[in-house]
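The values are calculated or read from the model by the stated rules, or taken from the named source; none is laboratory data. Note that the structure is predicted; figures quoted are calculated from it, not measured. So basically every Cβ, Gly included, is an ideal-geometry build from the backbone, and we count neighbours across all protein chains shown. Heavy atoms of the whole protein, side chains included, go into the accessibility calculation; ligands, DNA and RNA do not. Shrake-Rupley method; radii C 1.70, N 1.55, O 1.52, S 1.80 Å.
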Amino acid sequence: PPPAGASPSPGALNPFDRRLKRKQKNWAALQAEPAKCDYLREEVRGRGHLECCGQGTFPLALDVGSGRGYIAQHLTKETVGKLIQVDIAENALKNAVESEIPTVRVVADEEFLPFKDDTFDLVVSSLSLHWVNDLPKAFKEIHQALKPDGVFVGAMFGGDTLYELRCSLQLAELEREGGFSPHVSPFTAVADLGHLLARAGFNTLTVDTDEIQVNYPGLFEVMEDLQGKYSLWKHKCMGESNCSWNRKPLLHRETMLAAAAIYQEMYGNSDGSVPATFQIYYMIGWKYHESQAKPAQRGSATVSFGDLAKIEGLLKRGKK
């Protein structure tokens, strides 16, 4: 279970109630046919953020926020010798998908990893870190858990995720209730992500963004689909609902109907469906080792950028 003090009082640095998050994830893990909720996670994995895992062998790997093992089933015993899966929800680990890799499952909070320094050759995390209160600390703990020359490969939701839903709800609340509250989890900006990883000690960084758009019949279907899946929604009826301390307990029926109409009017497709956008940040970072390539000494370049700019003209002249 989360250690004592894992859910401090609400504040600017502690937007999420981690104990509530654990209850929500445990509830969602027990719902019927959980595999139907995995298509977005499958799409994220299929777009290549685990490519580098096929470029070497990793005797010991760690999956942070593993859930039901969305990543494990796509790793092979030729590249990963043994896998440790960590999640805050014991029910998710009990119902994890089996893998060909020898696996050990540990119930632990992603913010408080219970491992010694320099333990793992590879750490992966997919669509879990958006609920971490102290993301810099989480990155630092991942970095400490890696061996020198170990690699961290992750994916998390970005700041533009569900912007259509957020805008529609805010406009409806302003019209019907005279004010609005946030109903979707806050996210990290991509401009901050590379800085946070570098500050944690990672080098040779790669940070990329992508968008996945899913079409639904309407706003209510968007909300229903979020119910047990991505932990992005705030209300109590949702399976992995938002655990922000300042979450609003309910939305009035009239506000919901107004939001549905706004959603359709502002973002609706020609066939009557509405889009929901999920922005994904992909990140790769390595722990320093002396064998890694090093940047050249400052001032050692022998060709200036001004000279490089002339290359295109020389090539054109050569063709003539």
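Just by accessible area at a 1.4 angstrom probe, what is the order of TRP286, TRP131, TRP27 from largest to smallest?
Working: TRP286 75, TRP131 10, TRP27 110 Å².
If we order TRP286, TRP131, TRP27 from most to least accessible, we get TRP27, TRP286, TRP131.
Amide H neighbours of ILE280 under 5 Å, counting only residues 5+ apart in sequence or on other chains, H built in-plane at 1.01 Å?
The list, which skips near neighbours in sequence, is GLY158, ASP210, GLU211, ILE212.
Tell me the trypsin sites (Lys or Arg not before Pro) within the stretch 255-316 that lie in a loop according to DSSP and have at most 16 other beta-carbon atoms within 10 Å.
Details: sites: LYS287, ARG298, LYS310, LYS316; in loops: LYS287, ARG298, LYS310.
Those that pass, being in a loop and sparsely packed, are ARG298, LYS310.
For the stretch 262-274, take each phi angle, set θ = phi - 60°, evaluate the Karplus expression 6.51 cos²θ - 1.76 cosθ + 1.60, and give the result in whole Hz per residue in order, putting x for glycine and proline.
In residue order, the calculated couplings are 5, 4, 5, 5, 7, 10, x, 7, 5, 8, x, 7, 10 Hz.
If packing is taken as the average number of other Cβ atoms within 10 Å across a peptide's residues, how do 85-92, 60-67, 276-283 rank, most packed first?
The packing order, highest mean first, is 60-67, 85-92, 276-283.
So who's got an amide H within less than 5 Å of the one on TYR288, skipping anything under 5 residues away but keeping other chains? H placed 1.01 Å off N, in plane.
Under 5 Å from the amide H of TYR288 lie the amide H atoms of ASP149, ASN203, each far enough along the sequence or on another chain.
If you roll a 1.4 angstrom probe over the protein chains with everything in place, what fraction of the accessible area of the stretch 82-161 belongs to carbon and sulfur, to the nearest %? Kindly include the intermediate steps, with their values, before the conclusion.
Numbers: 1240 of 2630 Å².
Summing carbon and sulfur atoms, their accessible area is 47 percent of the total for the stretch 82-161.
Please give the solvent-accessible surface of HIS195 in Å², to the nearest 10, using a probe radius of 1.4 Å with every protein chain present.
That residue has around 110 Å² of solvent-accessible surface.
For TYR288, TYR263, write out the residues from largest to smallest accessible area, computed with a 1.4 angstrom probe and no ligands counted.
TYR288, TYR263
With all protein chains present and a 1.4 Å probe, how do ARG68, ARG176, ARG18 order by accessible area, largest first?
Ranking ARG68, ARG176, ARG18 by accessible area, largest first, yields ARG176, ARG68, ARG18.
Please state the charge dipole magnitude for the stretch 94-143, taken about the Cα centre, from unit charges on C-beta atoms (+1 on K and R, -1 on D and E), reported in debye and rounded to the nearest 20.
Details: 5 positive and 10 negative charges, 24 e Å.
Magnitude of the dipole: close to 120 debye.
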